[in-house]
């Protein structure tokens, strides 16, 4: 690491804090104390900074991209228009607030009229199916994806949906009572604006909506169980679905959505009790109440794309109440986010052409290869796993498919038309994706597809495809720089690579074999030993309370909810350091002899870099929601909660009994 790079990593350092007491604050403390959270954000940090930069880049690309002269005409919305034109049209339709405000609620009135005119529940179910095609859901969602038992074939998947709060617990747990109260106030206010009702009528209709949502939420799978692959794998034919979830006209809804119910094959119902419960709520509710609920779902799903007043009211709850954000983000930023969400690969193609150099991909190939080899070595050396399970684990490592930067094959948007009407554009692109899913049904899975855009600052593991994916936008400081010292990269993006590989061996990913099937490949003894270790990690994290909530016991980390991510973090850092050793081996250097820079050893620099990538601070409301619903632990624990379990951290910084991050060797959790 050059001195300049070291200065960047330690630019927010608090020299009064020792790494062995609090690595997170030692590296980030001054930054944490002094960095303001922008009024239009719920949090600030490494990921958000790169996201902001990526948005600036995409904005510049959109606004400066040229289109063919023949496309700048009344025909520019036609399917034959280029992807660039479609991106510009979508962005322009979002930015044209004058036209949006002039239309008022007219864009949703045709659908509202159809809802109001439904003669019976079957006719309303048809409308529900048609709305689903344009991205508006009710008590269930449906799409197409790999099967748990047959990951090479596309199956229909159905999941629970239909509530306006982040999770079912918000409707029943005392700690969320203030949020529920705010929601009960918000619903009629949005109805008054968006459905154009007087306040008394809006209050009445809002009460209907919230009561129906409470009933739907009462049947939802809880957030911890919703991570459990064994509980999610519930294949059934259409006839069995109708039999197990009576009270809703499934034939009417799914046919209207575009599915051929006679040739649907098996539907994988992720939460059968929620689907059956939702159908029961539908059956027991009056037609008028269901019309109110469907109108609300349409309004809520469209609010962002209607007038600025409706959009602002929507933000009051979802931005300020739920996340603590004081102001809406600049409209152009939200426009870029819309482009990324609806036609992201078209924008991504422009992004990688300008911002992803080939040498970055070449360097990442080496890093990924080192991380995979580090996992192989680690698995072979495990003292708690038997030889039979080790061989299966090694087979899984050998079949990992890394994807770096951008897709080899871009999505084809040629069939979709994008004009100057915002909501029509949103509906068209939503319907394009929905139909694209339907067209895959029963066909082989195309594993060349990406589930993230290149301009997204993130990474992911897909267990059914056994792939690890690293979009172009995350491959920069503080995660990665091809020109900087190896310790920096192995502690940054190396730990992220290790984290994603680690998901293949976390509490859920470990249930999938090397072909992506949900299939047990463990001996009973090895699985039991694995679960003993993961239980210790659950107990550790369940005791953590974010620094800003230390006076309250209500908002602590949920060790079960975050288990998979915590296993990924622990394995990611441990294997990242092992991969750094592999790099040094190629240079003929032992870890102890790695270059020292300004007094920091190679191993120490790996840990400093790791702490730097988790630099982040959040508003209270956002953090409350995170610890309640997010499978990722807060950043301070993604750093400190991990390193205290890593023997190499104790060795690197001389951590001893009495230091805040000291954990007795017998209490350290060692998995991979």
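The values are calculated or read from the model by the stated rules, or taken from the named source; none is laboratory data. All values reported here derive from a predicted model rather than from experimental measurement. Backbone-built Cβ (ideal geometry, glycine too); neighbour counts: all protein chains shown.
Laid out as a table, the results:
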{"item": "Flag if residue 429 is over 24 Å from the mean Cα position of the chain (by Cα), crowded, with 19+ Cβ neighbours inside 10 Å and over 21 Å from residue 511 (Cα atoms)", "result": "no"}
{"item": "Failed condition for residue 16, given (1) more than 18 Å from residue 607 (Cβ to Cβ); (2) under 27 Å from the mean Cα position of the chain (by Cα)", "result": "(2)"}
{"item": "Count - residues of segment 651-666 that are closer than 19 Å to residue 541 by Cβ and touching a residue at least 24 places away in the same chain (Cβ under 8 Å)", "result": "3"}
{"item": "Residue match in segment 234-252 (condition: at pLDDT 95 or above, within 27 Å of the chain's Cα centre (by Cα) and in a helix (DSSP H, G or I))", "result": "no"}
{"item": "Conditions (1) crowded, with 20+ Cβ neighbours inside 10 Å; (2) part of a helix (DSSP H, G or I): number failed by residue 361", "result": "(1)"}
{"item": "Restricting segment 162-176 to residues that are under 26 Å from the mean Cα position of the chain (by Cα) and surrounded by fewer than 16 Cβ atoms within 10 Å (Cβ to Cβ), the residue that is farthest from residue 138 (Cα to Cα)", "result": "175"}
{"item": "Qualifying positions in segment 373-399 - surrounded by 16 or more Cβ atoms within 10 Å (Cβ to Cβ), out of contact with any helix residue (DSSP H, G or I) (no Cβ under 6 Å at 6 or more places or on another chain) and part of a loop (DSSP other than H, G, I, E, B)", "result": "382"}
{"item": "Residues being surrounded by fewer than 16 Cβ atoms within 10 Å (Cβ to Cβ), under 23 Å from residue 85 (Cα atoms) and in contact with a helix residue (DSSP H, G or I) (Cβ under 8 Å, 6 or more places away or on another chain) - total across segment 434-454", "result": "1"}
{"item": "Flag for residue 182 being surrounded by fewer than 19 Cβ atoms within 10 Å (Cβ to Cβ), touching a residue at least 60 places away in the same chain (Cβ under 8 Å) and within 20 Å of residue 274 (Cα to Cα)", "result": "no"}
{"item": "Selected residue (criterion: surrounded by the most Cβ atoms within 10 Å (Cβ to Cβ)) from residues of segment 400-420 that are out of contact with any helix residue (DSSP H, G or I) (no Cβ under 9 Å at 6 or more places or on another chain) and part of a strand (DSSP E or B)", "result": "403"}
{"item": "Conditions (1) farther than 30 Å from residue 5 by Cβ; (2) outside any loop (DSSP other than H, G, I, E, B); (3) within 20 Å of the chain's Cα centre (by Cα): number failed by residue 505", "result": "(2)"}
{"item": "Inter-residue pairs, beta-carbon under 6 Å, first in contact (Cβ under 8 Å) with a residue 60 or more places away in the chain and in segment 260-277, second surrounded by fewer than 21 Cβ atoms within 10 Å (Cβ to Cβ) and part of a helix (DSSP H, G or I), 6+ apart", "result": "264/238; 270/232"}
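Yes/no per residue for (1) assigned to a loop (DSSP other than H, G, I, E, B); (2) free of Cβ contacts under 8 Å to residues at least 40 places away in the same chain; (3) assigned by TED's automatic domain parsing to the domain that holds residue 612:
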position	(1), (2), (3)
478	yes, no, no
499	no, no, yes
532	no, yes, yes
539	no, yes, yes
